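Heads up, the thing below is written out as structure tokens.
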Amino acid sequence: MKTKILVINPQRIDFAKIKIAAEEIKKGNLVAFPTETVYGLGADALNEKAVAKIFQAKGRPFNDPLIAHIADIKELYRLSKKIPPVALKLAEAFWPGPLTLVLRKSELVSDIVTSGLDTVAIRMPADNIALSLIREAQTPIVAPSANLFGRTSPTNAQHVVDDLDGKIEMIIDGGKTKVGVESTVLDITTKPARVLRAGGISVEKLKEVIGQVKISKELEEVFRSPGMLNSHYSPQAKLILVEEKGESEVEEVRQLASEYKGKGFKVGIMAKEENQNEYNGFEVKIIGKGAELERCAANLFAILRSFDKDGFDIIITEGLEERGLGLAIMERLRKAAVPKYEC
Ligand code: AMP
Ligand code: MG
């Protein structure tokens, strides 16, 4: 299959091009497109055959449910039969935006979307290309990140080409995504609501709007045992995470980097800007200032991918503070990391 690439300027949307992409969705084909979080791989959420193609193209297991993206709040009532007041409160505060709500599903939503669960995940993205595409296709669009399963999520169109060229019909190139990490997934079928995945809307912001919020057991588990999952967001290079511990952090990164360099590996360091001069003699990429977590989130996946492009075997990364978007960054680093002495 030849993958077509449509370049669309998000500041001046060419609706003729949106129409072409929407036709592909209506035909049951796959179109990758930018959202404010990462690039999504889109299919008509109400067409089972189209949805199945997503799992095939990504190599994603069928037990990993998808998020339905909508452009109009009315769609919420089609996809869910039970909408608690808290859903509307959250939608009012954060939509369009990087918050996914898990609600009871309606009959319209197929098991292939929800992996057989009786709940469905829904969000309204804050991106004009994404919203225009959903409106023009006149259907909700499921859109997991447009990367091969387990790999680093794409934050520009080239990243999508690198993973999915020849496997999907179309890619909309709308430039670099703003947020850079996926949406926060919040289950509101329970009380209090539970964060299933940290993401673009911080837990602190959620608490400001709905008060109490719980962190799911699974997410706590990720934070308890870093490097044990090694199944998600992984660059091809082995990633080793060194936790934030003041001065000893730099010391430990240096020590690990020397050790692996000594064994003949090509070693790179991902560091905070304030520490960039601490690693003379090593190859360093800067994620951003430790205090600017939003910028760090926006840079995260592109930097990990650039280590792969440059042929590194091992990436040793500093940690970031677990507040604001730092929680989402650390969730992803912990899922991508291998144990320190595995390599
Ligand atoms: P993504 O891979 O970015 O499309 O995110 C999809 C993620 O959203 C899944 O891996 C789940 O963690 C979560 N999710 C989707 N649907 C549901 C659901 N019905 N219940 C709980 N979590 C869900
Ligand atoms: Mg993903």
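In this structure, does residue 125 turn out to be more than 10 Å from ligand 1 (Cβ to nearest atom), in contact (Cβ under 8 Å) with a residue 12 or more places away in the chain, open to solvent by 30 Å² or more (accessible area, probe 1.4 Å) and in a loop (DSSP other than H, G, I, E, B)? No; evaluated as a whole, the condition is false for this residue.
With the requirement that a residue be touching a Phe, Trp or Tyr at 6+ places or on another chain (Cβ under 8 Å) and of a type in the set (Gly, Ala, Ser), what does region 261-293 give you? Across region 261-293, the qualifying residues are 268, 271.
For (1) within 16 Å of ligand 1 (Cβ to nearest atom); (2) acidic (Asp, Glu); (3) within 30 Å of residue 265 (Cβ to Cβ); (4) under 20 Å from the mean Cα position of the chain (by Cα), each residue gets a yes or a no:
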position: 165; (1), (2), (3), (4): no, yes, yes, yes
position: 169; (1), (2), (3), (4): no, yes, no, no
position: 173; (1), (2), (3), (4): no, yes, no, yes
position: 177; (1), (2), (3), (4): yes, no, no, yes
position: 209; (1), (2), (3), (4): no, no, no, no
position: 218; (1), (2), (3), (4): yes, yes, no, yes
position: 221; (1), (2), (3), (4): yes, yes, yes, yes
position: 238; (1), (2), (3), (4): no, no, yes, yes
position: 248; (1), (2), (3), (4): no, no, yes, no
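Here is a yes/no grid of residues against (1) out of contact with any Lys or Arg (no Cβ under 9 Å at 6 or more places or on another chain); (2) of a type outside the set (Gly, Ala, Ser):
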| residue | (1), (2) |
| --- | --- |
| 52 | yes, no |
| 67 | no, yes |
| 75 | yes, yes |
| 106 | no, no |
| 110 | yes, no |
| 114 | no, yes |
| 120 | no, yes |
| 133 | yes, yes |
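Checked against (1) over 24 Å from residue 147 (Cα atoms); (2) within 16 Å of ligand 2 (Cβ to nearest atom); (3) polar (S, T, N, Q), residue 258 passes all but a single condition, namely (2).
Number of residues in region 79-108 that are open to solvent by 10 Å² or more (accessible area, probe 1.4 Å) and either more than 24 Å from residue 36 (Cα to Cα) or in a loop (DSSP other than H, G, I, E, B) (or both): the value is 13.
Annotation: of all residues in region 218-232 being at pLDDT below 85 and not in a helix (DSSP H, G or I), the one that is nearest to residue 146 (Cα to Cα) is 231.
So that you can scan it fast, the table gives a plain yes or no per residue for (1) open to solvent by 10 Å² or more (accessible area, probe 1.4 Å); (2) within 16 Å of ligand 2 (Cβ to nearest atom); (3) in a strand (DSSP E or B):
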position	(1), (2), (3)
168	no, yes, no
178	yes, no, no
195	no, no, yes
208	yes, no, no
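Taking residues in region 130-156 that are more than 28 Å from residue 333 (Cα to Cα) and more than 10 Å from ligand 2 (Cβ to nearest atom), and partners anywhere that are part of a strand (DSSP E or B) and β-branched (Val, Ile, Thr), the pairs with Cβ atoms closer than 8 Å and at least 6 places apart or on different chains are 133/31; 133/141; 133/172; 134/141; 140/122. The criterion of at least 1 residues that are over 26 Å from residue 327 (Cβ atoms) and modelled with pLDDT of 95 or more is met by the following strands (runs of 3 or more DSSP E) wholly inside region 233-293: 267-272, 283-288. Count of region 34-50 residues, restricted to those that are surrounded by fewer than 19 Cβ atoms within 10 Å (Cβ to Cβ) and touching a helix residue (DSSP H, G or I) at 6+ places or on another chain (Cβ under 7 Å), is 1. Note on region 138-158: residues that are surrounded by 24 or more Cβ atoms within 10 Å (Cβ to Cβ) and closer than 17 Å to residue 234 by Cβ total 7.
The values are calculated or read from the model by the stated rules, or taken from the named source; none is laboratory data. Quantities reported herein were computed from a predicted structural model and do not represent experimental measurements. Methodologically, a virtual Cβ is constructed for each residue, glycine included, from the backbone with ideal geometry; neighbour enumeration extends over all protein chains shown. Ligands, DNA and RNA are excluded from the accessible area calculation, which covers all protein heavy atoms including side chains. Shrake-Rupley method; radii C 1.70, N 1.55, O 1.52, S 1.80 Å.
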